[in-house]
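Data block below; observations after.
The values are calculated or read from the model by the stated rules, or taken from the named source; none is laboratory data. What you are looking at is a predicted structure, and each value in this text was computed from that prediction instead of being measured. FYI the Cβ positions are ideal-geometry reconstructions off the backbone, even for glycines, and counts take in every protein chain you see. To get the accessible areas, we keep the full protein, side chains included, count just its heavy atoms, and leave off ligands, DNA and RNA. Shrake-Rupley method; radii C 1.70, N 1.55, O 1.52, S 1.80 Å.
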Amino acid sequence: MTPQTLPALREALPPGSTIGIVGGGQLGRMLAQTAHQHGYRVAVLTGGSRNTPAGSVADTEIAAPFDDDAAISRLLEVADVITWEFENVDLRVARAAQRAGVGVFPSAEIIATTQDRSLEKKALQEIGVSVAPWCIVNRQDELAAAVREFGLPVIAKAARFGYDGKGQTRIETHNAVADAWQRLGCQRLVVESVVAFEREISVVVARSMDGQVADHGCMENAHVKHVLDSTITPARISEARSREARGIAAHIANQWGLVGVLCVEMFDTPTGLVVNEVAPRPHNSGHCTIEAAAASQFEQQLRAVVGMPLGDGRCQPAAMLQLLGDLFLEGALDWSEIYAAAAVHLHLYGKQEARSGRKMGHLTLVGDDSVGADPAVLLAKLMSLRQALTDR
Ligand code: AMP
């Protein structure tokens, strides 16, 4: 990626201006709630659905596909700036915004890069960031050759538009190659060595229009079936490793000329940090910043895209536990223990239909005198509360 220069400094967009959000999910919902708190208006382009998590709390919900030119025009009529809560979208909204003189943060170039795992890995390597050994394959015989070269097991991922383990599979045997190729849709794939990590961590970093950089510290993440299940902060890593991780995130933000927020997911290995993925938006590993920091990841996104200085993102010790659709499929849930746990923050995203693996909400607990400051203890408390939802 060509290093970006900062946009010309301009007056910050004042309260009363409208934030145009591309994507209708929970990240957009929490950004919209923060924007409202600060006196901004919100318009959401949902991608098609109505009453989306973001759209149902916005001033304007435009329920149309991301490549619908009339819908894009409607968005640009009301929006003073465009930002993203979902990056796997057609980029014509960014091109139209540029023609209309409406700022797009993060830039279309950053979004295009992170849409494609191979472009993203190349852009990271160009600026000296370590990623797992990888290659691109376009045919089944190339996949078989990559498996021989890297050695088993490998992880094969759809090059474009993958997230939350969607479009990826672990290949354990040479015989599994043909099946994996079919299952992933016979498309261009990124093949990676499996990284033997000790833990997965992430850093959510924000960068303002005048180049100020701030993060929330290191998050330690646990995934179940490739979907983030829980986060604790601070991550249980050394001070030096934490500085290194935060430095990598700041380096990416600076080199890419970010304006907005991005999340860098990393593997912590005995020989160093390896970047797995970059998301050019707030991230569910940053949800605990809503209560654990003076300025959450959503407030930092708002501040960056309207041209304000960043806030203080430093976090108290905290834990976050995701509530996935699988829980909701088990029948009526018993919320009484969660309601009785006065210090626990419940977030439900207003999704009408539960599906397996769908993110429906989350719980956050911030350390204090009564619960202590050990994030593992905070997480254990949340785990028992989640268990109580279905213990009837
Ligand atoms: P991704 O969709 O790339 O974020 O991958 C989802 C999850 O799959 C990661 O958070 C890891 O738990 C696991 N994973 C992905 N790539 C690798 C890899 N190269 N080595 C080990 N685990 C991986």
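Quick notes
- Size of electric dipole in region 133-193: Cβ of Lys, Arg +1 and of Asp, Glu -1, about Cα centre, debye, nearest 20: 200
- Size descriptor for region 133-193, Kirkwood hydrodynamic radius: 11.0 Å (Cα pairs only, one decimal).
- Normalised contact order of the chain, rounded percent, pairs of Cα under 8 Å and 6 or more residues apart: 14
- Separation of the residue 380 and residue 98 label points, Cα + 7 Å toward Cβ, nm: 5.3
- Label zone at residue 77 (point 7 Å along Cα-to-Cβ), backbone N below 20 Å, region 38-61: 41-51, 55-56, 58-61
- Surface share of carbon and sulfur [accessible, 1.4 angstrom probe, percent] for the chain: 48
- Restriction of the GluC sites (Glu not before Pro) in region 290-392 to DSSP coil positions whose beta-carbon has at most 15 other beta-carbons within 10 angstrom yields 330, 353.
- Rolling a 1.4 angstrom probe over the protein heavy atoms with all chains in place gives region 147-228 an accessible area of 45 Å² per residue.
- In this label model, residue 223 and residue 122 are separated by 2.4 nm, measuring between points 7 Å along each Cα→Cβ vector.
- Theoretical FRET efficiency, 1/(1+(r/R0)^6), r = Cβ-Cβ of residue 67 and residue 330, R0 41 Å, to 0.05: 0.65
- Surface exposure of region 266-356, expressed per residue as accessible area with a 1.4 Å probe, stands at 37 Å².
- Axial C-alpha extent at least 18 Å, average Kyte-Doolittle at least -1.0 - helices from the chain (DSSP): 239-255, 375-390
- Excluding ligands, DNA and RNA, the accessible surface per residue across region 18-115 is 35 Å² with a 1.4 Å probe.
- Projecting the Cα positions of 52, 36, 107 onto the charge dipole of region 18-115 (unit charges on Cβ atoms of Lys, Arg, Asp and Glu, taken about the Cα centre) puts 36 furthest along the positive direction.
- Computed from the alpha carbon positions, the gyration tensor of region 199-388 leads to an equivalent ellipsoid with semi-axes of 28, 18, 17 Å, biggest first.
- Cα pair count fraction exceeding 25 Å, expressed as % - region 18-115: 7
- Given 157/351; 122/225; 121/359; 122/157; 166/225; 166/359, the pairs whose alpha carbons are separated by over 21 Å: 157/351; 122/225; 121/359
- Computed lengthening from residue 141 to residue 390, 0.36 nm per intervening residue step minus Cα-Cα distance: 85.0 nm
- Gain upon complete extension [residue 353, residue 152; 0.36 nm per residue less C-alpha separation]: 68.5 nm
- Separation of the residue 11 and residue 254 label points, Cα + 7 Å toward Cβ, nm: 3.2
- Point-charge dipole on Cβ atoms (K/R +1, D/E -1) for the chain, about Cα centre, debye to 20: 520
- Each of 217, 96, 156 was scored by the projection of its Cα onto the charge dipole of the chain, and the greatest displacement toward the positive side belongs to 96; charges sit on the C-beta of Lys, Arg, Asp and Glu.
- Two-decimal Rg to Rh for the chain - Kirkwood Rh, Cα set: 0.96
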